[in-house]
Amino acid sequence: MRAASRTLMPSAIAHWLGVRAIAIAPEQVAVREGLRAGVAVGTVMLVALYLHMPLMAWSAFAAFWTCLVDPGGLLRSRLETMLKFAALGTVISGSVSAAAGFGMLPAFVALGVSVLGCALLRLRGATATQIGVLAAIVAVVAVCYPFPPEVAVRLSGLFALGAIWATFICVLAWPVDPYMPLRLACSAVLREEERMTRRLLDYMKPGAPDMEQESASIGAFRREIRSRIERTRGRIEILSADAISSRTRATLLPAIEACDRIFIALIAFEHAVLSGETSHAARRTVRVVTTTLHRMAREAQRPEPRPERLHRQQRLLARIAEQDADLFGKGAHVCARAVQELITAWQTLSTPHAQPTEQAQPGTPRPAAVPRAQGLRHAARLCVSVLVAYAISLKLDLPYAYWAMMAVVVVTQPSVTTTLPRTIERVIGSIAGGLLAAVMGVLLPVWSILLLIFPLAAATIALRSVNYTLCVMFMTQLFVLVTDLVSPGLGWDVALARAINNIIGSLVGLAGCFLLWPERRGAPLAAHVADAFRANIRYAALATGPEILSWHQIESARRKAGTTSTVAEIQCQTARLEGLRRSDQIGKAREILFLLRKLAGAASVWWMEKTPEPTQAVRQRADLYSRLAERFDPTEQTSSSPAPLTDATLDDLLTLLRKLDLAELDDEHIKAVSQGHPL
């Protein structure tokens with residue numbers, strides 16, 4: 001299924017979505033986890049239909065939510081997480097249902113207290129956040145099932161039954177490699193770099209399209225790769241120090257470091273191709289690098305990588321580096337060094353009784369939770385938004401009101417910038433899933449709908465880490481069809497209610513983020529662009545300086561240039577989603593960021609081409625970028641210095657970068673700016 005997902009989702013489509021801030025990771029299809037969820041939910045539904053117990057749908061929902069809360073990883077942490085959710089969900093389902101049975105006021109109080117408490121779990125880290133979100137969903141569904149206390153106890157018992165059954169299935173059925181998602185993530189970064197080199201080969205062919213017209217796509221490639229490298233490195237570095245985890249860490253960390261080192265050569269290659277380099281030797285080097293990345297990606301996803309499979313590619317790269325003294329030969333040397341160090345690291349691990357050379361320290365901290373003030377604000381905002389959605393549902397007498405409140409719970413995020421894309425994705429997924437479920441509910445007989453429960457539950461869990469819209473689409477079909485099974489004859493009404501309620505809940509959650517205790521807005525777009533400008537100028541100054549810098553010396557500046565550009569590009573995408581009021585500013589920012597990506601590529605070229613005896617032109621360029629770096633270094637700003645970069649300087653930055661891009665180093669404007677005169 002992973003291979004099929006890569007085939008059915010071409011890289012062009014993935015990057016088209018990436019340019020529009022829609023994340024998709026086809027390699028993260030979780031086949032076995034999906035099969036476990038299908039068995040857990042499907043068997044419960046069979047029993048419910050056999051016993052004619054519509055209320056037993058709660059057991060099916062509990063089983064599904066328990067599979068969804070499964071964090072993966074080592075057995076102990078998985079079991080602890082699922083049992084905590086089972087206990088919390090059992091208490092919430094019974095207590096909220098019983099409170100709703102006493103009247104409207106107790107229902108509002110119980111719902112508000114439950115959602116607030118679940119939202120506060122975000123303060124305890126990522127795993128607790130997942131438990132809290134799903135437990136809040138249990139609360140919003142339970143409030144729509146008002147029962148007397150004795151029936152509410154039965155409902156909580158059915159929830160516990162479904163949760164325990166799902167825990168049993170997840171723990172005992174279909175053993176899963178706990179580190180496979182991390183291996184796949186590492187392999188995916190290498191495959192992204194492989195796609196980057198294949199695109200370069202396409203642009204180096206006669207009659208290829210103009211790369212200048214593909215600026216957004218080029219930026220998306222670099223942004224996606226840089227983001228994936230940093231995310232994957234962070235996930236690898238927090239692995240614990242037990243024997244299995246430390247070995248996995250020592251296997252994957254050298255791979256991601258080699259990937260990062262090759263990335264600097266690819267940026268230099270891309271810059272050269274952008275400048276018109278299409279020679280036969282250059283194409284040969286890029287082809288060898290492409291094949292090398294393909295083999296590295298294939299080995300990185302194996303539990304025991306085979307370093308001998310990389311020997312031939314390393315020798316080819318080293319031979320090219322010896323034969324060619326141009327930029328591509330020097331890039332081949334960088335790649336050969338990176339592959340050789342990876343081979344050495346993997347060979348050390350394959351030695352009998354060898355211990356990993358780098359181990360995580362005992363007591364590795366949990367993934368960081370959100371700041372306390374932000375977490376408290378988010379909890380209060382979520383509580384009020386859910387209660388507002390509940391009130392709207394009661395006022396409009398909406399059927400299946402819990403779907404509106406569920407949308408509020410999953411859409412509302414601590415930051416508006418993450419809430420807006422989540423809202424769009426959920427609405428699209430709900431509408432698409434609702435329409436498909438309606439068609440199936442009307443046209444298909446009951447027995448075939450029952451058969452569909454298994455694949456729908458499996459697909460929802462299998463795709464949860466791939467793309468949120470796909471996950472919501474399959475989850476919508478699952479919930480609608482389960483509801484249709486326990487309440488037959490509803491057909492289109494269930495799907496229509498699901499879509500309408502999801503739209504209402506998503507809009508309420510989005511409005512809550514904007515109106516209820518809105519967080520202090522981050523730095524404006526121009527400030528992020530200015531940060532990226534400073535970081536890239538600093539990187540260019542180090543790359544052109546007279547000293548021969550090592551990889552480790554220049555790596556920090558290069559990473560900062562890449563990450564600040566990525567942050568600015570994400571902010572630019574967010575500004576586009578928020579509206580077109582600043583379309584002129586957004587257009588300028590996008591061009592500046594593209595020129596900064598070109599500058600980073602040129603800096604990588606200058607670093608690799610540096611010689612002990614630079615020419616006069618090289619010294620002139622080094623002196624210019626050194627003065628520009630000092631001119632825009634915020635630590636050098638004094639009260640008598642020119643004003644720092646602000647929104648009003650985007651035009652000047654754009655003008656300056658255009659002149660630098662045209663290599664007009666003798667331009668009087670550039671000289672004046674580098675000497676401290678106002679922009």
Residue that is farthest from THR232 (Cα to Cα) [pool: residues in region 257-290 that are open to solvent by 50 Å² or more (accessible area, probe 1.4 Å) and assigned to a helix (DSSP H, G or I)]:
HIS280
Pairing a residue in region 273-289 that is at pLDDT 90 or above with any residue that is open to solvent by 70 Å² or more (accessible area, probe 1.4 Å), where Cβ atoms lie under 9 Å and the two sit 6 or more apart in sequence or on different chains, gives ARG283/LYS205; VAL286/ARG198
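Residue by residue, here is whether (1) touching a helix residue (DSSP H, G or I) at 6+ places or on another chain (Cβ under 6 Å); (2) at pLDDT 90 or above holds:
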{"residue": "GLU27", "(1), (2)": "yes, no"}
{"residue": "VAL91", "(1), (2)": "no, yes"}
{"residue": "MET104", "(1), (2)": "no, yes"}
{"residue": "GLY125", "(1), (2)": "no, no"}
Would you confirm whether or not region 414-437 contains a residue that is open to solvent by 10 Å² or more (accessible area, probe 1.4 Å) and not in a helix (DSSP H, G or I)?
yes
Every residue from region 508-556 that is open to solvent by 20 Å² or more (accessible area, probe 1.4 Å), within 16 Å of TRP607 (Cα to Cα), aliphatic (A, V, I, L, M) and modelled with pLDDT of 80 or more
LEU542
Hey, can you tell me all the residues within region 323-351 that are open to solvent by 50 Å² or more (accessible area, probe 1.4 Å) and either touching a His at 6+ places or on another chain (Cβ under 9 Å) or assigned to a helix (DSSP H, G or I) (or both)?
GLN323, LYS330, HIS333, ARG337, GLN340, GLU341, THR344, GLN347, THR348, SER350
With the checklist (1) free of Cβ contacts under 8 Å to residues at least 24 places away in the same chain; (2) open to solvent by 60 Å² or more (accessible area, probe 1.4 Å); (3) not acidic (Asp, Glu); (4) not in a helix (DSSP H, G or I) in hand, flag the one item ARG315 doesn't pass.
(4)
Here is a check on your reading of the model: is ILE320 at pLDDT 90 or above, open to solvent by less than 30 Å² (accessible area, probe 1.4 Å), closer than 22 Å to SER604 by Cβ and under 30 Å from the mean Cα position of the chain (by Cα)?
no
I'm checking my understanding of the structure. Among residues of region 496-507 that are closer than 16 Å to LEU420 by Cα and open to solvent by less than 50 Å² (accessible area, probe 1.4 Å), which one is modelled with the lowest pLDDT?
ASN502
Restricted to region 106-137 and to residues being under 15 Å from THR412 (Cβ atoms) and in contact with a Lys or Arg (Cβ under 7 Å, 6 or more places away or on another chain), the residue least open to solvent (accessible area, probe 1.4 Å) is GLY132
I'm checking my understanding of the structure. Among residues of region 291-312 that are open to solvent by 90 Å² or more (accessible area, probe 1.4 Å) and part of a helix (DSSP H, G or I), which one is nearest to LEU184 (Cα to Cα)?
ARG298
The residue that is surrounded by the most Cβ atoms within 10 Å (Cβ to Cβ), considering only those in region 51-98 that are free of Cβ contacts under 8 Å to residues at least 40 places away in the same chain and more than 27 Å from PRO178 (Cβ to Cβ), is MET53
Hey, among ARG658, ARG627, which residue is in contact with a Ser or Thr (Cβ under 8 Å, 6 or more places away or on another chain), in a helix (DSSP H, G or I), modelled with pLDDT of 80 or more and open to solvent by 20 Å² or more (accessible area, probe 1.4 Å)?
ARG627
On the basis of being polar (S, T, N, Q) and at pLDDT 60 or above, does SER604 make the cut?
yes
Do you know which residues across region 604-624 are of a type in the set (Val, Ile, Thr) and open to solvent by less than 20 Å² (accessible area, probe 1.4 Å)?
VAL605
Take the residues in region 46-79 that are within 33 Å of the chain's Cα centre (by Cα) and hydroxyl-bearing (Ser, Thr, Tyr), then tell me which one is modelled with the lowest pLDDT.
SER77
Yes or no: region 159-167 includes at least one residue that is of a type in the set (Val, Ile, Thr), open to solvent by 20 Å² or more (accessible area, probe 1.4 Å) and farther than 23 Å from LEU55 by Cα.
no
Could you check how many residues of region 108-124 are touching a residue at least 60 places away in the same chain (Cβ under 8 Å) and closer than 22 Å to ALA407 by Cα?
9
Please work out if THR248 is in a helix (DSSP H, G or I), open to solvent by less than 50 Å² (accessible area, probe 1.4 Å) and in contact (Cβ under 8 Å) with a residue 60 or more places away in the chain.
yes
Taking the conditions exactly as written (over 30 Å from ARG76 (Cβ atoms), among the basic types (Lys, Arg), at pLDDT below 95 and assigned to a helix (DSSP H, G or I)), does ARG183 satisfy them or not?
no
Going through region 170-180 in order, the residues found to be surrounded by fewer than 22 Cβ atoms within 10 Å (Cβ to Cβ) and not in a loop (DSSP other than H, G, I, E, B) are VAL171, LEU172, MET180
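The values are calculated or read from the model by the stated rules, or taken from the named source; none is laboratory data. Note that this is a predicted model, so its numbers are computed, not measured. Don't worry about glycine lacking a Cβ; one is built from the backbone with ideal geometry, like all the others, and counts go over all protein chains shown. Accessible surface is based on the protein model in full, side chains and every heavy atom, while ligands, DNA and RNA are left aside. Shrake-Rupley method; radii C 1.70, N 1.55, O 1.52, S 1.80 Å.
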